[in-house]
1. How do the pairs read when you match residues in the range 72-91 that are under 10 Å from Ile120 (Cβ atoms) with residues anywhere that are of a type in the set (Lys, Arg) and open to solvent by less than 60 Å² (accessible area, probe 1.4 Å), using Cβ under 7 Å and keeping only pairs 6 or more apart or on different chains?
2. Which numbered condition in (1) surrounded by 21 or more Cβ atoms within 10 Å (Cβ to Cβ); (2) assigned to a helix (DSSP H, G or I); (3) free of Cβ contacts under 8 Å to residues at least 60 places away in the same chain is the only one that Val45 fails?
3. How many of the residues in the range 91-112 are outside any loop (DSSP other than H, G, I, E, B) and loosely packed, with under 14 Cβ neighbours inside 10 Å?
4. As an exercise: evaluate Ile317 against (1) modelled with pLDDT under 95; (2) buried (at least 24 other Cβ atoms within 10 Å of the Cβ); (3) over 16 Å from Ser2 (Cα atoms) and give the number of the one condition it does not meet.
5. Which one of Gly128, Gly109, Gly138, Gly98 is on the phi < 0 side of the Ramachandran plot and not hydrophobic (A, V, I, L, M, F, W, C)?
6. Only residues that are modelled with pLDDT of 50 or more and surrounded by fewer than 17 Cβ atoms within 10 Å (Cβ to Cβ): list them for the range 147-161, please.
7. In the range 113-146, which residue that is among the small types (Gly, Ala, Ser) and open to solvent by 20 Å² or more (accessible area, probe 1.4 Å) is nearest to Ala54 (Cα to Cα)?
8. Taking the condition within 18 Å of the chain's Cα centre (by Cα) and open to solvent by less than 30 Å² (accessible area, probe 1.4 Å), does Leu65 pass?
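The values are calculated or read from the model by the stated rules, or taken from the named source; none is laboratory data. Given the structure is predicted, the values throughout are model-derived calculations rather than measurements. Cβ placement follows ideal geometry from the backbone for every residue including glycine, while neighbour counts extend to all protein chains displayed. Only protein heavy atoms, including side chains, enter the accessible area calculation; ligands, DNA and RNA are left aside. Shrake-Rupley method; radii C 1.70, N 1.55, O 1.52, S 1.80 Å.
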Amino acid sequence: MSRYTLHVGDCRDVMRDYPADHFDSIVSDPPYGFSFMGKGWDEGVPGEEFWQEALRVAKPGAHLLAFGGTRTFHRLTVAIEDAGWEVRDCMMWLYGSGFPKSHNGPWGGTALKPAWEPIIMARKPLSGTVANNVLRYGTGALNIDGCRVGAESTIRSAGVSDSDRNAYGTYGHDKGGTRVEFGSTAGRWPANVMHDGSAEVVAGFPITTSGTGAIRKSALGMFGLGGDGKANTEYGDTGSAARFFYCAKASSADRDDSNTHPTVKPTDLMRYLCRLVTPPGGVVLDPFMGSGSTGKAALIEGLRFVGIDLDPAHVAIAEARCQEAALETPFSQLTLFQPSNP
């Protein structure tokens, strides 16, 4: 069984060659419709017909994650919803780098600095209940425990079961206002916010005094902090950006030397997203593959991948990246989903 398959062509045509109810998840970065750098592939937002075909080939309960642009993601959301998907959430990836595409003069400017990108989360309608759908297809639920953030103590009210914790107050305060901690290393609930760890983004989050107190930097290396062991109360608080998944923008090393695609997403971010919505050993589809960031991430996560792109040059780059990533997780180590009721 092949770890990955890449196609050159229009994704609508390619997806028609696949059977219905085939893919476990769809994770994609489609065109934003900005005419970015004059690129022909970015002239418009993919419409309803694209997402109808994606719906057909996705398993019942399969999740779709699609990046959008701040000016056009409303069109993307409507197209996805009109195609039959259930819109479940809108995630935010916050970052500090970037500059406004603005025309400036003595009268002012014409644009704000971009600092976030939306990610539409949708789900194909279930076949029965969530529990039955998961048992039959492996899809329908999110991998919450596999995507928890950090390893600091979780906070909840004393004597309350995990299943009942949502009935109590926010940020670990019970109904009487008493804050209680219990020693769990599971990490925080995955949220619909992610960030790049920059000082600009972190400064935008309020710092409260109701958090976990000083936490050593070495324990928070995944949030982009140093490992010198010095206490840092700013990042050890429930109000800081450390409570959200951290991932910097794609570096030159992450892009790979031969990658000339202008909008490469970071591998760690795509790994997190693939892991969140795909069952073990599942097949991830990216109808707008670009240079293969989703494929590289999926393969490192031990998943399988099918990617489609119109540009042969981009597919060639994706092929090289996927080939290298596949070596990091041998296929023999994959755990494949076994349905209870085929």
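1. Partner pairs satisfying both residue conditions: Trp85/Arg123; Trp85/Lys124; Arg88/Arg123.
2. For Val45, the exception is condition (2).
3. 2
4. (2)
5. Gly109
6. Passing the criteria: only Ala151.
7. Within the range 113-146, the match that is nearest to Ala54 (Cα to Cα) is Ser127.
8. So Leu65 passes the test.
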